[in-house]
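Asker: One structure, pasted below without further comment.
Read-outs throughout are calculated quantities, based only on the coordinates presented, and are distinct from any laboratory measurement. Keep in mind that what you see is a predicted model, and the values were worked out from it rather than measured. Because the Cβ atoms are built from the backbone with ideal geometry, glycine has one as well, and the counts that use them run over all protein chains shown.
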2 protein chains.
Amino acid sequence: MKKSIARATLGVLALSLTTLASAQVKPEDQIRYRQAGYSFMSWNMGKIKTNLEGSYNKDQVIAAANAIAGIANSGMGALYGPGTDKAIGNVKTRVKPEFFTDGDNVGKIARDFNAAANELAKVAASGDAAAVKTAFGEVGKNCKACHDKYRLED
Amino acid sequence: MKKSIARATLGVLALSLTTLASAQVKPEDQIRYRQAGYSFMSWNMGKIKTNLEGSYNKDQVIAAANAIAGIANSGMGALYGPGTDKAIGNVKTRVKPEFFTDGDNVGKIARDFNAAANELAKVAASGDAAAVKTAFGEVGKNCKACHDKYRLED
């Protein structure tokens, strides 16, 4: 039991660079900040999608991809601290309890997502729309991998 | 009158790389996305502050500064489209009406903010805590310049 908690904790910690931040941010603010991060990434994913489907603006795609990578690499694991597994007052969360116990798998998804976000930023800089399309698809797949397994339906 | 509207519009447009995105995002979602961006930057500013006041973790500061710069450069001006100057249903906004008419000044604040955020990301990479402290202060000053003038009190 202790071992599985330790493993799970390790996995969640692996999401963040350090746990320093979570110790100083109230649980309800951790939930708000992580939702803000995902929301802002979602806006930028939408912009890249629009560029891929319509006329391609290299600078806009670079800016969007850099925003996504910057957020992905910011150590959001620190925003899943103790007490953030369920609603706090009117601050709701859609994260499933399994997220906090599936440490190894959550860590893997987080690493894959970050790698995909970094690849997207890299190819965006090249301005190669076909490469961006592929990299964008990979980021989307990684978003979905986590949503399918660890996000509650609305 | 027309000229001043045109000038104001130009200033707000200057905040974004293109206006493409705002045309396709509902006004209430524009408000939500811009709030998400500021909120996530705020978390990362807090982390840098903690590092400057306590033990300095170079990697955490780099990650936080890159997240801030990525968001700052993402073209948030597109999130101030028509209809986003006041609450929409239960989606509130604290932006003052002057923000939408002070185009030149808003444009200047936005450019200064972006330059400060980029400088912060640059010096963070060097690991020079004293330089980060100065650059962090500049970003904070630019946040405050906009809040003081264009944000309603709670």
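Asker: Measure nothing but the geometry: give the 0 to 90° angle between the long axis through the Cα atoms of A:2-14 and the longest principal axis through the Cα atoms of chain A, rounded to 10°.
Answerer: 30 degrees
Asker: For the protein assembly as shown, just list the percent of Cα-Cα distances falling in each 20 Å bin from zero outward, please.
Answerer: The calculated distribution, bin by bin, is 32, 60, 8, 0.
Asker: Consider the operator that turns chain A into chain B: which A residue has a Cβ nearest its axis, and what is that gap in Å?
Answerer: A:GLY70, 1
Asker: Determine the distance separating the Cα centre of the range A:47-71 from the Cα centre of the range B:84-118; give it in Å without decimals.
Answerer: Using only Cα atoms, the two centres lie 22 Å from each other.
Asker: For peptide B:93-103, compute the average count of partner chain beta-carbon atoms within 10 Å of each residue's beta-carbon.
Answerer: 0
Asker: Further, regarding this structure: Distance from a point 7 Å along Cα→Cβ of A:SER55 to each backbone N in the range A:123-145: keep the residues under 20 Å and list them by number.
Answerer: A:127-130, A:133
Asker: Something else now. Below 26 Å, Cα to Cα, which lysines can A:LYS133 reach? Residues fewer than 8 away in the same chain don't count.
Answerer: Hits, sequence-local ones excluded: A:LYS47, A:LYS49, A:LYS58, A:LYS108, A:LYS122, A:LYS141, A:LYS144, A:LYS149, B:LYS26.
Asker: May I ask you to derive the relative contact order of chain A, considering only C-alpha pairs under 8 Å and at least 6 residues apart, and to give it as an integer percent?
Answerer: Relative contact order for chain A comes out at 33 percent.
Asker: In square nanometres, what is the average projected area of the Cα convex hull of the range B:95-154?
Answerer: The orientation-averaged projected area of the Cα hull of the range B:95-154 comes to 4.3 nm².
Asker: Let me ask something else about it. With each run of n ≥ 4 DSSP H residues scored as -39500 (n - 2.57), what mean residue ellipticity at 222 nm is computed for chain B after dividing by its residue count and rounding to the nearest 500 deg cm²/dmol?
Answerer: -23000 deg cm²/dmol
Asker: Let me ask something else about it. Distance from a point 7 Å along Cα→Cβ of A:LYS141 to each backbone N in the range A:72-110: keep the residues under 17 Å and list them by number.
Answerer: Those under the cut-off are A:108-110.
Asker: Moving to a separate point now. Give me the one-decimal nm value for the distance between modelled label points at A:ARG151 and B:ASP148, 7 Å along each residue's Cα-to-Cβ direction.
Answerer: About 4.0 nm, to one decimal.
Asker: Then there's this: Once both axes come from the Cα atoms, what is the angle between helix A:58-72 and the longest principal axis of chain A, in degrees from 0 to 90, rounded to 10?
Answerer: That works out to roughly 10 degrees.
Asker: On to the next question. Counting only trypsin sites (Lys or Arg not before Pro) that sit in a DSSP loop (anything but H, G, I, E, B) with at most 15 other Cβ atoms within 10 Å, what is the longest stretch of chain B containing none of them?
Answerer: B:1-85
Asker: Then there is this: Cα convex hull of chain B: how many Å³ per residue?
Answerer: 110 Å³
Asker: Could you pull the copy-to-copy label distances for B:GLU138, with points set 7 Å along Cα to Cβ, in nm to one decimal and sorted shortest first?
Answerer: 3.5
Asker: List A:TYR80, A:TYR38 from most exposed to least, where exposure is judged by having the fewest other Cβ atoms within 10 Å.
Answerer: Ranking A:TYR80, A:TYR38 by Cβ neighbours within 10 Å, fewest first, gives A:TYR38, A:TYR80.
Asker: Please give the average number of partner chain Cβ atoms lying within 10 Å of the Cβ of each residue in B:71-78, rounded to a whole number.
Answerer: If you average over the peptide's residues, the count of other-chain Cβ atoms is 6.
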